[in-house]
Amino acid sequence: MIVSLLLESIPDLKLRLDANRAWKLDKAKQFAKHISPSLRGRIAYIEEPCQQPNDSFSFAIDTGIAIAWDETLQHAVQREGFKLSDIIGGKAIVIKPMLIGSVQRCIGLIESAEKLGITAVISSSIESSFGLNQLARFSKWQLPSTVPGLDTVGLFKAQLEVAWPECLLPVQSMADQEVIWQS
């Protein structure tokens, strides 16, 4: 109901939502019932609404609300011979470079998404302010017209080295950190 209220109240608003695979298909459909069909197109996507990827795909078909692959993508890229076209039905993919493994692999996913007409979004897993700044730079470099999903700094007690915009957590330098592991 909150999503519907926001969409009704702010005519230019477009939302990206994340259910983190929290819903069973029935609950996802209950969510959709509260959103007028005329407003559903203003939901850019919901990341993985259902616990099972097939249910998320069914949800998108049945409701007309677009989905994005997040966890499904992170798991799929680990398989030998993975191709982005192997996971169908998503309007967007959420790329978490820390989990994908390399800049080149992320760029390959972005290029594949562009060829398939899928939106690619750079997102954080659990990066510090230092890591978030690197992801912001990577996103600006590779996807300059797409807003990244970088919102994990609140999970920390302090920022590391570089302040994140509008974050009130204290900033600590790397030099002040205790070395716990060294090769």
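So what's the back-of-envelope 222 nm ellipticity for the chain, counting only DSSP H runs of four-plus at -39500 (n - 2.57) apiece and dividing by all residues, rounded to 500?
Numbers: 7 runs with 66 residues, N = 183.
The helix-only estimate for the chain comes to -10500 deg cm²/dmol at 222 nm.
Do the alpha carbons of any pairs in K24/K91; K83/K115; K27/K96; K96/K140; K33/K91; K27/K157 sit beyond 23 Å of each other, and which pairs? Can you show the working numbers first?
On the way: K24/K91 20 Å; K83/K115 12 Å; K27/K96 27 Å; K96/K140 15 Å; K33/K91 21 Å; K27/K157 34 Å.
Those over the limit are K27/K96; K27/K157.
Out of the GluC sites (Glu not before Pro) in region 107-183, which ones are loop residues according to DSSP with at most 11 other C-beta atoms within 10 Å? Before the final figure, lay out each step's value.
Working: sites: E111, E114, E127, E161, E166, E178; in loops: E127, E161, E166, E178.
Here the sparse-neighbourhood loop sites are E166, E178.
What accessible area per residue, rounded to a whole number of Å², is obtained for region 114-173 using a probe radius of 1.4 Å?
Normalised by residue count, the accessible surface of region 114-173 is 61 Å².
Strictly greater than 25 Å: what percent of every Cα pair in region 27-183 meets that?
Values: 4983 of 12246 pairs.
Within region 27-183, distances greater than 25 Å cover 41 percent of Cα pairs.
With charges only on Cβ, +1 for K and R and -1 for D and E, what is the dipole size of region 104-157 about its Cα centre, in debye, rounded to 20?
Working: 5 positive and 4 negative charges, 21 e Å.
Here region 104-157 has a charge dipole of around 100 debye.
So what's the angle, to the nearest 10 degrees on a 0 to 90 scale, between helix 53-63 and the longest Cα principal axis of the chain?
50
For a protection proxy built on the mean count of beta-carbon atoms within 10 angstrom, sort 168-175, 92-99 highest first, please. Each step should come with its number before you reach the end.
On the way: 168-175: 10.9, 92-99: 21.9.
Ranked by mean Cβ neighbours within 10 Å, highest first: 92-99, 168-175.
Restricting attention to region 14-43, which trypsin sites (Lys or Arg not before Pro) occupy a DSSP loop and are surrounded by at most 16 other Cβ atoms within 10 Å? Kindly include the intermediate steps, with their values, before the conclusion.
Working: sites: K14, R16, R21, K24, K27, K29, K33, R40, R42; in loops: K14, R21, K24.
Filter output for region 14-43: K14, K24.
Given a 1.4 angstrom probe, I'd like the percentage of the accessible area of region 67-108 that is carbon and sulfur, rounded to a whole number. The partial results should precede the final answer.
Numbers: 1140 of 2040 Å².
Within region 67-108, the accessible surface is 56 percent carbon and sulfur.
What is the angle, in °, between the Cα long axis of helix 103-116 and the longest principal axis of the Cα atoms in the chain? Nearest 10 is fine, range 0 to 90.
Orientation of helix 103-116: about 20 degrees from the principal axis.
Where the only charges are on Cβ atoms (+1 Lys, Arg; -1 Asp, Glu), what is the dipole of the chain about its Cα centre, to the nearest 20 debye? Let's see the in-between values first.
On the way: 18 positive and 20 negative charges, 99 e Å.
In debye, rounded to 20, the chain gives about 480.
Got a sec? Charge dipole of the chain, +1 on Cβ for Lys and Arg, -1 for Asp and Glu; which of I95, S183, Y45 is way out at the positive end?
Checked the options; the winner is Y45.
May I ask you to list the trypsin sites (Lys or Arg not before Pro) in region 137-167 that are in a DSSP loop and have at most 15 other Cβ atoms within 10 Å of their Cβ?
On the way: sites: R137, K140, K157; in loops: K157.
Sparse-neighbourhood loop trypsin sites (Lys or Arg not before Pro): K157.
The values are calculated or read from the model by the stated rules, or taken from the named source; none is laboratory data. Bear in mind that the values here come from a model prediction, so they are computed numbers and not experimental data. Cβ coordinates were reconstructed from backbone atoms using ideal geometry, including for glycine residues, and neighbour counts include every protein chain displayed. For accessibility, only protein heavy atoms count, side chains too; no ligands or nucleic acids. Shrake-Rupley method; radii C 1.70, N 1.55, O 1.52, S 1.80 Å.
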